Structure formats: structure tokens, C-alpha cells
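Trainee: I have a structure I would like to understand better, so I am pasting it below and will then ask my questions one at a time.
The values are calculated or read from the model by the stated rules, or taken from the named source; none is laboratory data. The model shown is predicted, which means the values in this text are computed figures rather than measured ones. Every residue, glycine among them, receives a Cβ derived from its backbone with ideal geometry; neighbour counts consider all protein chains shown.
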Amino acid sequence: MITEPHVNDYINSLSGDLPPYLDRLEQYALEAHVPIIRKEAQSFLCFLIREYNPSRILEIGTAVGFSAQLMAEASKGTVTTIEKVEMRLKEARKNLKCSPNADRITLIEGDALSVLKELEGPYDFIFLDAAKGQYMNFLKEIMRLLPVGGHLLTDNVLQEGSLAGSKFAVERRDRTIHMRMREYLYTITHSDRLDTVILPVGDGMALSRKI
Ligand SMILES: C[S@@+](CC[C@H](N)C(=O)[O-])C[C@H]1O[C@@H](n2cnc3c(N)ncnc32)[C@H](O)[C@@H]1O
């Protein structure tokens, strides 16, 4: 955790309740070790969606459909979400089919690397929450799909805070992911087409606006 656990607990104790169906899905995900957006990041995501009021949202990384439904609850627009792993898709299909907002959520099955190339924009809010080592590879298509003034929210950018430490302090297998994430963060903070802020919310989030 980036922030002290008791600080997170306190912040979370102040956030509003989820609708019961999302509460149940969150419990399921936690018990089944499905990685979904953290509690403290959920409030931030919903706040942004309410504030920006996007008409077309794109999510890269559905898992079981928790954040897709959360975003649909917070917005009046549509949510398109991409997932490639069959085990996750099985649950996502089921959950999204009986979602109260099913008519506004579209699940696209496939690898985002190829799916993104086929999509027609614009998507005025993009939530990037897939394989952390691939973020750089998604960026070109994200920039094509995002209109000027649109927002990109990237999750898990600080990797429990370890990204800010020495590369020798992390396991060898994590060094490549760290290297790629650092390249991604450097790119989005130094691009003249994006205005970006990195926040220690949840596992670290980067909020960018296309300029
Ligand atoms: C952290 S989980 C997403 C959690 C979800 N956004 C939520 O908060 O409820 C990341 C998901 O991205 C999927 N994923 C990773 N790389 C992908 C890719 N290239 N294309 C599509 N899905 C991908 C994984 O299978 C995994 O289910």
C-alpha cells in the first residue's frame, strides 16, 4: 500500500455505499482473488465520471465487470469494455448480462492490442486497467481514440510504491514491468499532447487530459 493502511481505512469509511449487486461482486472478487479497482480508487473514479460526464467510456481490462458497472452507475453514457482472458470473460459475460445497466455496457472479447485498432472513437473517458507491462503498447491507439479535452485514467501506476524505489530492490521478474511502467509514466508526463498528474490513490493513478 502506498498510504498507511489506517489512512486508507479512514478514507474508505467515509465513502458512500455501493449498490448491493456491486457490493456482492466486490466481495466475490476479493474472495476469488480477482484484481479489481481498490475501494479508495473507486470513489475517485466515480467522482471523475460524475464531474466530466463522458458520453462514451472505454475500459481496457474488464476482469469480471466490476468497474465497468461502477462507471455505468456513475454516468449516463455508454461503457465499452475489453477483456481477453476466457476465465474472466466467463464471469464478465454473466455479470454484465444481468447488470441493471446492461443496455449501456458492451463487452468486447479479445486482446486490446488488436481490438483497439478496430475501434472507432471518440471515447471521451478511457480507463486503462490491463496488463501493466503493455501500457506503452496501447498508447498510440488510445491517443487516436481520445478527443482533445478527453480524459485518460491509468490504474496501478505506482506498483505498491515499489516503482519509486531502486530497481535492485524488486524481484528480477518485476524489473521489466517496472522499466516499462516508468517509460509509460515518463511519456505521458512529458507529452505535449497530454496534461498528466500522478496521484498516490489506490495503487497509484495517472490522470491525463488530451490537449
Ligand atoms: C486489474 S484487472 C481489471 C479490473 C477491472 N477494471 C475492475 O476494476 O473491475 C485487469 C484485466 O485486464 C485483462 N487484460 C490484460 N491484458 C489485456 C489485454 N491485452 N487485452 C484485454 N484484456 C487484458 C486481464 O485479463 C484482467 O482481467
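Trainee: Can you tell me how many residues within segment 78-103 are more than 19 Å from LEU116 (Cβ to Cβ) and of a type in the set (Gly, Ala, Ser)?
Mentor: Number satisfying all stated conditions: 2.
Trainee: A further question on this structure: Return the total of residues in segment 69-84 being within 7 Å of the ligand (Cβ to nearest atom) and either closer than 17 Å to ILE37 by Cβ or part of a strand (DSSP E or B) (or both).
Mentor: 2
Trainee: Would you call THR176 part of a helix (DSSP H, G or I), touching a helix residue (DSSP H, G or I) at 6+ places or on another chain (Cβ under 8 Å) and in contact (Cβ under 8 Å) with a residue 40 or more places away in the chain?
Mentor: yes
Trainee: Let me ask something else. Would you please name the residue that is modelled with the lowest pLDDT, looking only at residues in segment 181-198 that are surrounded by 15 or more Cβ atoms within 10 Å (Cβ to Cβ) and within 18 Å of PHE127 (Cβ to Cβ)?
Mentor: Ranking the candidates gives MET181 first.
Trainee: Could you check LEU45 against (1) within 14 Å of the ligand (Cβ to nearest atom); (2) in a loop (DSSP other than H, G, I, E, B); (3) in contact (Cβ under 8 Å) with a residue 12 or more places away in the chain and say which number it fails?
Mentor: (2)
Trainee: Restricting to segment 125-141, and then to whatever is in a strand (DSSP E or B) and within 11 Å of the ligand (Cβ to nearest atom), can you tell me which residue is surrounded by the most Cβ atoms within 10 Å (Cβ to Cβ)?
Mentor: So the residue we want is PHE127.
Trainee: May I pose another question? Kindly provide the set of residues from segment 18-34 that are within 14 Å of the ligand (Cβ to nearest atom) and part of a helix (DSSP H, G or I), ordered by number.
Mentor: Selection gives TYR21, LEU22, ASP23, ARG24, LEU25, GLU26, GLN27, TYR28, ALA29, LEU30.
Trainee: Go through segment 94-119 residue by residue and tally those that are touching a residue at least 12 places away in the same chain (Cβ under 8 Å), more than 13 Å from the ligand (Cβ to nearest atom) and more than 17 Å from the chain's Cα centre (by Cα).
Mentor: 3
Trainee: Consider ARG50 carefully, then state whether it is touching a residue at least 60 places away in the same chain (Cβ under 8 Å) and surrounded by fewer than 23 Cβ atoms within 10 Å (Cβ to Cβ).
Mentor: In short, no.
Trainee: Going residue by residue through segment 151-167, is there one that turns out to be surrounded by 17 or more Cβ atoms within 10 Å (Cβ to Cβ), at positive phi, under 18 Å from the mean Cα position of the chain (by Cα) and not aromatic (Phe, Trp, Tyr)?
Mentor: Yes, that holds for at least one residue.
Trainee: Out of segment 98-143, which residues are under 22 Å from LEU48 (Cα atoms) and of a type in the set (Gly, Ala, Ser)?
Mentor: SER99, ALA102, GLY121, ALA130
Trainee: Filtering segment 48-68 down to residues that are part of a helix (DSSP H, G or I) and over 21 Å from VAL197 (Cα atoms), which residue is farthest from the ligand (Cβ to nearest atom)?
Mentor: Of everything passing the filter in segment 48-68, ALA68 is farthest from the ligand (Cβ to nearest atom).
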